[in-house]
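One structure is given below, encoded as C-alpha coordinates.
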Amino acid sequence: MSGTVVPQAVQVLCRLVVGPDYPPAPATGPPGRWRVVGRWLAFVLFLILSAVAAFDLQTADHLLAPFGLILGFVSVAPAAFAFHRPLWAWRATFVLLFLSGTWYPYSEPWSPLQILVLLFVLAVLAGRADLPVSAAAGAVTALPILALAGPDDNLLIITLVTVVIAVADQVRRRRASQHALANQTVVTQQEIERRAVLEERARIAREMHDVVAHHMSMIAVQAETAPYRLTGMSGPTRDEFTAIAGAARSALTDMRRLLAVLRSETEQAQRSPQPGLADVAELVEATRRAGLDVKLVSDPRLDQIVLAAPVGLAAYRIVQEALANTGRHAPGARVRVELRVTPARLVVRVSNGPARLATGVQPSTGGHGVIGMRERAGLLGGSFAAGPDDRSGFVVTAWLPHRVSELSGDPPSQLDQPAG
(Lines give C-alpha, C1' and ligand atoms only; values in the text may rest on other atoms or scores of the structure.)
Protein backbone atom coordinates (compact mmCIF):
# COMPACT_ATOMS: atom_id res chain seq x y z
CA MET A 1 0.00 0.00 0.00
CA SER A 2 2.78 2.43 0.99
CA GLY A 3 4.55 1.56 -2.24
CA THR A 4 1.83 3.34 -4.18
CA VAL A 5 0.93 6.13 -1.73
CA VAL A 6 4.42 7.62 -1.48
CA PRO A 7 4.98 8.01 -5.25
CA GLN A 8 1.52 9.53 -5.61
CA ALA A 9 2.25 12.01 -2.80
CA VAL A 10 5.56 12.96 -4.42
CA GLN A 11 3.79 13.43 -7.75
CA VAL A 12 1.18 15.70 -6.17
CA LEU A 13 3.88 17.80 -4.49
CA CYS A 14 5.72 18.13 -7.80
CA ARG A 15 2.52 19.34 -9.47
CA LEU A 16 2.04 21.80 -6.63
CA VAL A 17 5.57 23.22 -6.75
CA VAL A 18 6.61 23.08 -10.41
CA GLY A 19 3.53 21.81 -12.24
CA PRO A 20 1.53 23.74 -14.84
CA ASP A 21 -1.05 26.22 -13.68
CA TYR A 22 -4.82 25.99 -14.06
CA PRO A 23 -5.96 28.60 -16.56
CA PRO A 24 -9.54 29.85 -16.41
CA ALA A 25 -12.15 28.04 -18.44
CA PRO A 26 -12.77 29.56 -21.89
CA ALA A 27 -15.71 31.92 -22.04
CA THR A 28 -18.83 30.46 -23.64
CA GLY A 29 -19.89 33.81 -25.09
CA PRO A 30 -19.00 37.49 -25.30
CA PRO A 31 -18.54 39.31 -21.97
CA GLY A 32 -21.88 40.40 -20.59
CA ARG A 33 -22.58 43.64 -18.79
CA TRP A 34 -22.48 42.05 -15.34
CA ARG A 35 -19.18 40.33 -16.05
CA VAL A 36 -17.56 43.64 -17.04
CA VAL A 37 -19.03 45.37 -13.98
CA GLY A 38 -17.77 42.53 -11.77
CA ARG A 39 -14.24 42.91 -13.10
CA TRP A 40 -14.25 46.63 -12.37
CA LEU A 41 -15.64 46.05 -8.86
CA ALA A 42 -12.92 43.45 -8.19
CA PHE A 43 -10.28 45.89 -9.40
CA VAL A 44 -11.61 48.68 -7.18
CA LEU A 45 -11.78 46.31 -4.20
CA PHE A 46 -8.18 45.27 -4.78
CA LEU A 47 -7.06 48.90 -4.82
CA ILE A 48 -8.91 49.55 -1.57
CA LEU A 49 -7.36 46.52 0.15
CA SER A 50 -3.92 47.49 -1.13
CA ALA A 51 -4.32 51.01 0.20
CA VAL A 52 -5.43 49.71 3.61
CA ALA A 53 -2.50 47.28 3.78
CA ALA A 54 -0.06 50.01 2.73
CA PHE A 55 -1.42 52.41 5.36
CA ASP A 56 -1.12 49.64 7.96
CA LEU A 57 2.58 49.07 7.21
CA GLN A 58 3.35 52.77 6.83
CA THR A 59 3.12 53.15 10.61
CA ALA A 60 5.91 50.61 11.22
CA ASP A 61 8.94 52.28 12.85
CA HIS A 62 11.50 49.83 11.43
CA LEU A 63 10.38 50.33 7.82
CA LEU A 64 10.98 53.41 5.73
CA ALA A 65 7.83 54.98 4.33
CA PRO A 66 8.36 53.90 0.69
CA PHE A 67 9.08 50.32 1.76
CA GLY A 68 5.96 50.24 3.91
CA LEU A 69 3.81 51.28 0.96
CA ILE A 70 5.45 48.78 -1.37
CA LEU A 71 5.19 45.89 1.08
CA GLY A 72 1.54 46.73 1.73
CA PHE A 73 0.72 46.33 -1.93
CA VAL A 74 2.87 43.19 -2.22
CA SER A 75 1.08 41.50 0.69
CA VAL A 76 -2.27 41.51 -1.17
CA ALA A 77 -0.86 41.26 -4.71
CA PRO A 78 -1.61 37.48 -5.14
CA ALA A 79 -5.33 38.23 -5.07
CA ALA A 80 -4.93 40.30 -8.24
CA PHE A 81 -4.01 37.34 -10.45
CA ALA A 82 -5.57 34.46 -8.50
CA PHE A 83 -8.39 33.99 -11.04
CA HIS A 84 -5.99 33.78 -13.98
CA ARG A 85 -3.11 31.88 -12.34
CA PRO A 86 -4.33 30.34 -9.05
CA LEU A 87 -1.32 28.03 -8.58
CA TRP A 88 1.19 30.85 -9.03
CA ALA A 89 -0.91 33.03 -6.71
CA TRP A 90 -0.72 30.34 -4.02
CA ARG A 91 3.05 30.02 -4.47
CA ALA A 92 3.46 33.76 -4.01
CA THR A 93 1.18 33.74 -0.97
CA PHE A 94 3.15 30.88 0.59
CA VAL A 95 6.43 32.78 0.20
CA LEU A 96 4.88 35.95 1.63
CA LEU A 97 3.72 34.04 4.71
CA PHE A 98 7.37 33.48 5.64
CA LEU A 99 8.66 36.89 4.60
CA SER A 100 5.96 38.99 6.22
CA GLY A 101 7.06 37.84 9.66
CA THR A 102 10.15 40.01 9.23
CA TRP A 103 8.38 43.24 8.32
CA TYR A 104 4.96 43.18 10.03
CA PRO A 105 5.37 45.60 12.98
CA TYR A 106 2.77 44.18 15.38
CA SER A 107 2.54 41.16 17.66
CA GLU A 108 0.95 38.92 15.03
CA PRO A 109 3.04 37.71 12.06
CA TRP A 110 0.39 38.69 9.48
CA SER A 111 -2.20 41.33 8.99
CA PRO A 112 -5.89 40.31 8.76
CA LEU A 113 -5.89 41.39 5.12
CA GLN A 114 -3.10 38.94 4.32
CA ILE A 115 -5.08 36.12 5.95
CA LEU A 116 -8.10 37.06 3.83
CA VAL A 117 -5.92 37.00 0.71
CA LEU A 118 -4.62 33.56 1.73
CA LEU A 119 -8.15 32.17 2.14
CA PHE A 120 -9.26 33.75 -1.15
CA VAL A 121 -6.33 32.27 -3.11
CA LEU A 122 -6.90 28.82 -1.59
CA ALA A 123 -10.60 29.00 -2.47
CA VAL A 124 -9.83 29.86 -6.10
CA LEU A 125 -7.20 27.10 -6.31
CA ALA A 126 -9.54 24.48 -4.78
CA GLY A 127 -12.20 25.54 -7.26
CA ARG A 128 -9.88 24.74 -10.20
CA ALA A 129 -7.58 21.90 -9.08
CA ASP A 130 -8.58 18.40 -8.05
CA LEU A 131 -8.78 17.48 -4.37
CA PRO A 132 -5.26 15.97 -3.94
CA VAL A 133 -3.60 19.16 -5.21
CA SER A 134 -5.80 21.53 -3.18
CA ALA A 135 -5.44 19.37 -0.06
CA ALA A 136 -1.66 19.34 -0.51
CA ALA A 137 -1.70 23.12 -0.85
CA GLY A 138 -3.62 23.39 2.42
CA ALA A 139 -1.21 21.02 4.18
CA VAL A 140 1.88 22.89 2.95
CA THR A 141 0.29 26.21 3.92
CA ALA A 142 -0.01 24.93 7.48
CA LEU A 143 3.82 24.87 7.83
CA PRO A 144 4.39 28.64 8.15
CA ILE A 145 1.21 28.97 10.17
CA LEU A 146 2.41 26.44 12.76
CA ALA A 147 5.89 27.94 12.75
CA LEU A 148 5.04 31.64 13.10
CA ALA A 149 1.54 31.94 14.63
CA GLY A 150 0.63 31.40 18.24
CA PRO A 151 -1.23 28.28 19.45
CA ASP A 152 -4.64 29.97 19.48
CA ASP A 153 -4.18 31.73 16.17
CA ASN A 154 -2.77 28.77 14.25
CA LEU A 155 -5.72 26.56 15.26
CA LEU A 156 -8.17 29.20 14.01
CA ILE A 157 -6.32 29.82 10.73
CA ILE A 158 -5.84 26.12 9.97
CA THR A 159 -9.55 25.52 10.65
CA LEU A 160 -10.48 28.33 8.25
CA VAL A 161 -8.10 26.96 5.61
CA THR A 162 -9.63 23.48 5.92
CA VAL A 163 -13.19 24.77 5.71
CA VAL A 164 -12.43 26.98 2.69
CA ILE A 165 -10.76 24.15 0.76
CA ALA A 166 -13.59 21.71 1.57
CA VAL A 167 -16.33 24.13 0.51
CA ALA A 168 -14.50 25.23 -2.67
CA ASP A 169 -13.90 21.59 -3.64
CA GLN A 170 -17.60 20.81 -3.28
CA VAL A 171 -18.42 23.81 -5.44
CA ARG A 172 -15.94 22.56 -8.05
CA ARG A 173 -17.48 19.07 -8.01
CA ARG A 174 -20.98 20.46 -8.36
CA ARG A 175 -19.94 22.72 -11.22
CA ALA A 176 -18.19 19.81 -12.96
CA SER A 177 -21.30 17.65 -12.52
CA GLN A 178 -23.53 20.36 -13.98
CA HIS A 179 -21.17 20.79 -16.93
CA ALA A 180 -21.11 17.04 -17.56
CA LEU A 181 -24.89 16.90 -17.26
CA ALA A 182 -25.29 19.76 -19.74
CA ASN A 183 -22.97 18.02 -22.22
CA GLN A 184 -24.85 14.74 -21.77
CA THR A 185 -28.15 16.55 -22.30
CA VAL A 186 -26.88 17.95 -25.60
CA VAL A 187 -25.63 14.52 -26.69
CA THR A 188 -28.93 12.92 -25.69
CA GLN A 189 -30.94 15.52 -27.58
CA GLN A 190 -28.79 15.01 -30.68
CA GLU A 191 -29.26 11.25 -30.38
CA ILE A 192 -33.02 11.66 -30.03
CA GLU A 193 -33.14 13.87 -33.12
CA ARG A 194 -30.95 11.44 -35.07
CA ARG A 195 -33.14 8.52 -34.05
CA ALA A 196 -36.25 10.48 -35.01
CA VAL A 197 -34.76 11.13 -38.45
CA LEU A 198 -33.92 7.46 -38.95
CA GLU A 199 -37.37 6.34 -37.78
CA GLU A 200 -39.05 8.85 -40.06
CA ARG A 201 -36.97 7.74 -43.02
CA ALA A 202 -37.90 4.13 -42.31
CA ARG A 203 -41.57 5.05 -42.12
CA ILE A 204 -41.32 7.00 -45.38
CA ALA A 205 -39.63 4.02 -47.01
CA ARG A 206 -42.42 1.73 -45.87
CA GLU A 207 -45.04 4.06 -47.31
CA MET A 208 -43.09 4.48 -50.54
CA HIS A 209 -43.02 0.70 -50.86
CA ASP A 210 -46.78 0.63 -51.39
CA VAL A 211 -46.55 3.33 -54.07
CA VAL A 212 -43.64 1.83 -55.97
CA ALA A 213 -44.90 -1.74 -55.59
CA HIS A 214 -48.10 -0.81 -57.42
CA HIS A 215 -46.18 0.46 -60.45
CA MET A 216 -43.82 -2.50 -60.42
CA SER A 217 -46.78 -4.88 -60.27
CA MET A 218 -48.36 -3.13 -63.25
CA ILE A 219 -45.10 -3.50 -65.21
CA ALA A 220 -44.94 -7.20 -64.42
CA VAL A 221 -48.58 -7.78 -65.35
CA GLN A 222 -48.30 -5.87 -68.63
CA ALA A 223 -45.09 -7.69 -69.57
CA GLU A 224 -46.58 -11.11 -68.78
CA THR A 225 -49.85 -10.48 -70.66
CA ALA A 226 -48.24 -8.82 -73.69
CA PRO A 227 -47.81 -12.10 -75.67
CA TYR A 228 -51.53 -12.77 -75.27
CA ARG A 229 -52.68 -9.23 -76.01
CA LEU A 230 -50.39 -8.51 -78.96
CA THR A 231 -50.57 -10.79 -82.00
CA GLY A 232 -47.74 -11.55 -84.37
CA MET A 233 -45.04 -11.24 -81.72
CA SER A 234 -41.70 -12.84 -82.62
CA GLY A 235 -39.77 -15.19 -80.35
CA PRO A 236 -37.08 -12.69 -79.30
CA THR A 237 -39.72 -10.10 -78.51
CA ARG A 238 -41.66 -12.64 -76.45
CA ASP A 239 -38.46 -13.50 -74.54
CA GLU A 240 -37.78 -9.81 -73.94
CA PHE A 241 -41.19 -9.32 -72.34
CA THR A 242 -40.61 -12.44 -70.23
CA ALA A 243 -37.29 -11.02 -69.01
CA ILE A 244 -38.97 -7.70 -68.16
CA ALA A 245 -41.65 -9.49 -66.14
CA GLY A 246 -39.02 -11.54 -64.32
CA ALA A 247 -36.99 -8.42 -63.46
CA ALA A 248 -40.09 -6.70 -62.13
CA ARG A 249 -41.01 -9.70 -59.97
CA SER A 250 -37.44 -9.88 -58.65
CA ALA A 251 -37.50 -6.17 -57.78
CA LEU A 252 -40.78 -6.67 -55.90
CA THR A 253 -39.24 -9.54 -53.92
CA ASP A 254 -36.23 -7.42 -52.98
CA MET A 255 -38.47 -4.57 -51.93
CA ARG A 256 -40.50 -6.85 -49.66
CA ARG A 257 -37.29 -8.10 -48.04
CA LEU A 258 -36.15 -4.54 -47.43
CA LEU A 259 -39.55 -3.67 -46.01
CA ALA A 260 -39.28 -6.58 -43.56
CA VAL A 261 -36.00 -5.12 -42.29
CA LEU A 262 -37.38 -1.60 -41.93
CA ARG A 263 -40.59 -2.62 -40.20
CA SER A 264 -40.28 -3.02 -36.42
CA GLU A 265 -41.36 -6.21 -34.70
CA THR A 266 -44.36 -4.55 -33.03
CA GLU A 267 -45.62 -2.78 -36.13
CA GLN A 268 -48.45 -4.25 -38.14
CA ALA A 269 -48.42 -4.08 -41.90
CA GLN A 270 -50.79 -1.52 -43.39
CA ARG A 271 -53.56 -2.96 -45.51
CA SER A 272 -55.12 0.27 -46.75
CA PRO A 273 -53.70 2.12 -49.79
CA GLN A 274 -51.51 5.14 -49.12
CA PRO A 275 -53.26 8.54 -49.32
CA GLY A 276 -52.42 11.19 -51.87
CA LEU A 277 -53.09 14.80 -52.76
CA ALA A 278 -56.71 14.04 -53.64
CA ASP A 279 -57.31 13.00 -50.02
CA VAL A 280 -56.23 16.36 -48.55
CA ALA A 281 -59.76 17.75 -48.86
CA GLU A 282 -61.17 14.82 -46.89
CA LEU A 283 -58.42 15.28 -44.27
CA VAL A 284 -59.28 18.97 -43.89
CA GLU A 285 -62.97 18.16 -43.58
CA ALA A 286 -62.28 15.57 -40.87
CA THR A 287 -60.13 18.07 -39.00
CA ARG A 288 -62.88 20.67 -39.27
CA ARG A 289 -65.38 18.22 -37.80
CA ALA A 290 -62.94 17.66 -34.91
CA GLY A 291 -63.30 21.33 -33.97
CA LEU A 292 -60.40 23.04 -35.73
CA ASP A 293 -61.17 26.12 -37.85
CA VAL A 294 -59.50 25.08 -41.14
CA LYS A 295 -59.77 26.66 -44.57
CA LEU A 296 -58.49 24.90 -47.68
CA VAL A 297 -57.34 26.98 -50.66
CA SER A 298 -56.52 24.77 -53.64
CA ASP A 299 -55.03 25.91 -56.93
CA PRO A 300 -57.38 25.12 -59.85
CA ARG A 301 -54.37 24.16 -61.96
CA LEU A 302 -53.85 21.07 -59.81
CA ASP A 303 -56.32 19.21 -62.03
CA GLN A 304 -54.18 19.94 -65.09
CA ILE A 305 -50.97 18.28 -63.88
CA VAL A 306 -50.12 14.70 -63.00
CA LEU A 307 -48.19 14.44 -59.77
CA ALA A 308 -46.01 11.48 -58.95
CA ALA A 309 -47.54 9.28 -56.25
CA PRO A 310 -44.66 9.88 -53.77
CA VAL A 311 -45.17 13.64 -54.12
CA GLY A 312 -48.87 13.37 -53.36
CA LEU A 313 -48.16 11.12 -50.38
CA ALA A 314 -45.57 13.57 -49.01
CA ALA A 315 -47.94 16.52 -49.44
CA TYR A 316 -50.71 14.66 -47.60
CA ARG A 317 -48.43 13.68 -44.70
CA ILE A 318 -47.06 17.21 -44.37
CA VAL A 319 -50.57 18.68 -44.17
CA GLN A 320 -51.59 15.94 -41.73
CA GLU A 321 -48.64 16.58 -39.39
CA ALA A 322 -49.01 20.37 -39.59
CA LEU A 323 -52.71 20.16 -38.63
CA ALA A 324 -51.88 17.81 -35.76
CA ASN A 325 -49.22 20.20 -34.46
CA THR A 326 -51.65 23.11 -34.66
CA GLY A 327 -54.21 21.20 -32.64
CA ARG A 328 -51.64 20.43 -29.94
CA HIS A 329 -49.84 23.76 -29.67
CA ALA A 330 -52.39 26.35 -30.86
CA PRO A 331 -55.89 25.10 -30.00
CA GLY A 332 -58.67 27.26 -31.32
CA ALA A 333 -56.43 28.98 -33.87
CA ARG A 334 -57.56 29.62 -37.42
CA VAL A 335 -55.67 27.47 -39.93
CA ARG A 336 -55.18 28.03 -43.65
CA VAL A 337 -54.05 25.20 -45.93
CA GLU A 338 -52.81 26.28 -49.36
CA LEU A 339 -51.96 24.02 -52.29
CA ARG A 340 -50.38 25.91 -55.18
CA VAL A 341 -48.67 24.94 -58.40
CA THR A 342 -45.65 26.62 -59.96
CA PRO A 343 -43.98 25.65 -63.24
CA ALA A 344 -41.64 23.30 -61.38
CA ARG A 345 -43.07 22.56 -57.95
CA LEU A 346 -46.06 21.86 -55.79
CA VAL A 347 -46.17 24.34 -52.89
CA VAL A 348 -47.82 23.17 -49.66
CA ARG A 349 -48.34 25.91 -47.08
CA VAL A 350 -50.08 25.52 -43.71
CA SER A 351 -50.35 28.62 -41.53
CA ASN A 352 -52.15 29.27 -38.27
CA GLY A 353 -52.81 32.27 -36.06
CA PRO A 354 -52.37 32.53 -32.30
CA ALA A 355 -54.10 30.08 -29.99
CA ARG A 356 -57.56 31.08 -28.74
CA LEU A 357 -58.08 28.42 -26.09
CA ALA A 358 -56.10 27.71 -22.94
CA THR A 359 -53.77 24.72 -23.11
CA GLY A 360 -51.52 22.99 -20.65
CA VAL A 361 -49.02 22.11 -23.39
CA GLN A 362 -46.04 24.42 -23.64
CA PRO A 363 -45.51 25.91 -27.12
CA SER A 364 -42.77 24.25 -29.14
CA THR A 365 -40.78 25.48 -32.10
CA GLY A 366 -39.83 22.03 -33.26
CA GLY A 367 -40.12 18.35 -32.61
CA HIS A 368 -40.29 15.00 -34.30
CA GLY A 369 -43.15 16.22 -36.48
CA VAL A 370 -41.08 19.05 -37.94
CA ILE A 371 -38.17 16.65 -38.42
CA GLY A 372 -40.43 14.21 -40.26
CA MET A 373 -41.84 16.88 -42.56
CA ARG A 374 -38.36 18.15 -43.38
CA GLU A 375 -37.19 14.60 -44.12
CA ARG A 376 -40.11 13.95 -46.45
CA ALA A 377 -39.41 17.08 -48.47
CA GLY A 378 -35.66 16.47 -48.49
CA LEU A 379 -35.88 12.84 -49.63
CA LEU A 380 -37.95 13.96 -52.62
CA GLY A 381 -35.43 16.66 -53.50
CA GLY A 382 -37.71 19.44 -52.28
CA SER A 383 -37.29 22.14 -49.64
CA PHE A 384 -38.96 22.81 -46.33
CA ALA A 385 -39.28 25.74 -43.93
CA ALA A 386 -41.09 26.12 -40.60
CA GLY A 387 -41.18 28.91 -38.07
CA PRO A 388 -43.22 31.68 -36.44
CA ASP A 389 -44.59 34.56 -38.46
CA ASP A 390 -45.02 38.23 -37.58
CA ARG A 391 -48.62 37.70 -36.39
CA SER A 392 -47.89 35.39 -33.43
CA GLY A 393 -48.67 32.37 -35.57
CA PHE A 394 -46.74 29.56 -37.21
CA VAL A 395 -46.11 28.74 -40.88
CA VAL A 396 -45.08 25.46 -42.48
CA THR A 397 -44.09 25.52 -46.16
CA ALA A 398 -42.89 22.72 -48.41
CA TRP A 399 -41.76 22.93 -52.01
CA LEU A 400 -42.05 19.54 -53.77
CA PRO A 401 -41.15 18.68 -57.39
CA HIS A 402 -43.96 17.62 -59.69
CA ARG A 403 -42.43 14.38 -60.85
CA VAL A 404 -40.07 11.85 -59.28
CA SER A 405 -37.78 12.12 -62.30
CA GLU A 406 -37.29 15.82 -61.47
CA LEU A 407 -35.88 15.21 -57.99
CA SER A 408 -33.09 17.62 -57.11
CA GLY A 409 -31.72 19.27 -54.02
CA ASP A 410 -31.88 22.78 -55.49
CA PRO A 411 -33.64 25.36 -53.34
CA PRO A 412 -36.90 26.80 -54.65
CA SER A 413 -36.65 29.78 -56.91
CA GLN A 414 -38.24 33.12 -56.15
CA LEU A 415 -41.09 32.15 -58.43
CA ASP A 416 -41.83 29.14 -56.23
CA GLN A 417 -42.05 31.13 -52.99
CA PRO A 418 -45.57 31.43 -51.60
CA ALA A 419 -47.22 34.79 -51.64
CA GLY A 420 -48.04 36.60 -48.42
Fill in: Matching residues, the stretch 238-277, being modelled with pLDDT of 80 or more and either in the same structural domain as D303 (by TED's automatic domain parsing) or under 30 Å from L302 (Cα atoms) (or both)
P275, G276, L277
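Can you confirm whether T342 is modelled with pLDDT of 85 or more, more than 13 Å from V197 (Cα to Cα) and surrounded by fewer than 19 Cβ atoms within 10 Å (Cβ to Cβ)?
On the way: modelled with pLDDT of 85 or more: yes; more than 13 Å from V197 (Cα to Cα): yes; surrounded by fewer than 19 Cβ atoms within 10 Å (Cβ to Cβ): yes.
Yes; evaluated as a whole, the condition is true for this residue.
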Item to complete: Within the stretch 222-237, work out how many residues are loosely packed, with under 13 Cβ neighbours inside 10 Å and either touching a residue at least 12 places away in the same chain (Cβ under 8 Å) or of a type in the set (S, T, N, Q) (or both).
Response: 3
Worksheet, complete the sentence: Residue hits (the stretch 238-250; closer than 26 Å to A202 by Cβ and surrounded by 15 or more Cβ atoms within 10 Å (Cβ to Cβ)) are A248, R249
Worksheet entry | In the stretch 320-338, residue surrounded by the fewest Cβ atoms within 10 Å (Cβ to Cβ) [restricted to those that are within 21 Å of I371 (Cα to Cα) and among the hydrophobic types (A, V, I, L, M, F, W, C)] | A324
Worksheet item: Here are V211, V167, V197, V171: which of them is within 25 Å of R376 (Cβ to Cβ) and either crowded, with 17+ Cβ neighbours inside 10 Å or modelled with pLDDT of 80 or more (or both)?
Response: V211
Discussion item. Being out of contact with any Asp or Glu (no Cβ under 7 Å at 6 or more places or on another chain) and exposed (fewer than 15 other Cβ atoms within 10 Å of the Cβ) is true for just one of L146, L97. Which residue is that?
Written reply: L146
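Looking only at the stretch 78-93, how many residues end up being part of a helix (DSSP H, G or I) and more than 23 Å from L13 (Cβ to Cβ)?
Going through the stretch 78-93 one residue at a time, the tally reaches 2.
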Discussion item. Just to check your reading of the model, which residue among L160, L155, L113, L143 is outside the structural domain of Q8 (by TED's automatic domain parsing), more than 17 Å from L87 (Cα to Cα), at pLDDT below 85 and part of a helix (DSSP H, G or I)?
Written reply: L155
Practice prompt. Starting from the stretch 2-14, keep only residues that are under 15 Å from L131 (Cα atoms), then list their pairs with residues that are modelled with pLDDT of 75 or more and surrounded by 12 or more Cβ atoms within 10 Å (Cβ to Cβ) whose Cβ atoms are within a distance under 7 Å, requiring at least 6 positions of separation or different chains.
Written response: V12/P132; V12/V133; V12/A136; L13/A136
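Looking at A180, A137, which one is closer than 21 Å to Q8 by Cβ and part of a helix (DSSP H, G or I)? Before you say what the answer is, go through the steps one by one.
Working: A180 fails: closer than 21 Å to Q8 by Cβ.
When all the criteria are applied, what remains is A137.
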Worksheet item: Does R35 count as of a type in the set (K, R), at pLDDT below 65 and in a helix (DSSP H, G or I)?
Response: yes
Discussion item. Looking at the stretch 67-78, can you tell me whether even one residue there is loosely packed, with under 14 Cβ neighbours inside 10 Å and either modelled with pLDDT under 80 or under 30 Å from D21 (Cα atoms) (or both)?
Written reply: no
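Residues V284, V294: which one is in a strand (DSSP E or B) and modelled with pLDDT of 75 or more?
Working: V284 fails: in a strand (DSSP E or B).
So the residue among V284, V294 that is in a strand (DSSP E or B) and modelled with pLDDT of 75 or more is V294.
The values are calculated or read from the model by the stated rules, or taken from the named source; none is laboratory data. These figures come from a predicted structure and were not determined experimentally. For neighbour counting, all protein chains shown are included, and Cβ atoms are generated from backbone atoms with ideal geometry for every residue, glycine included.
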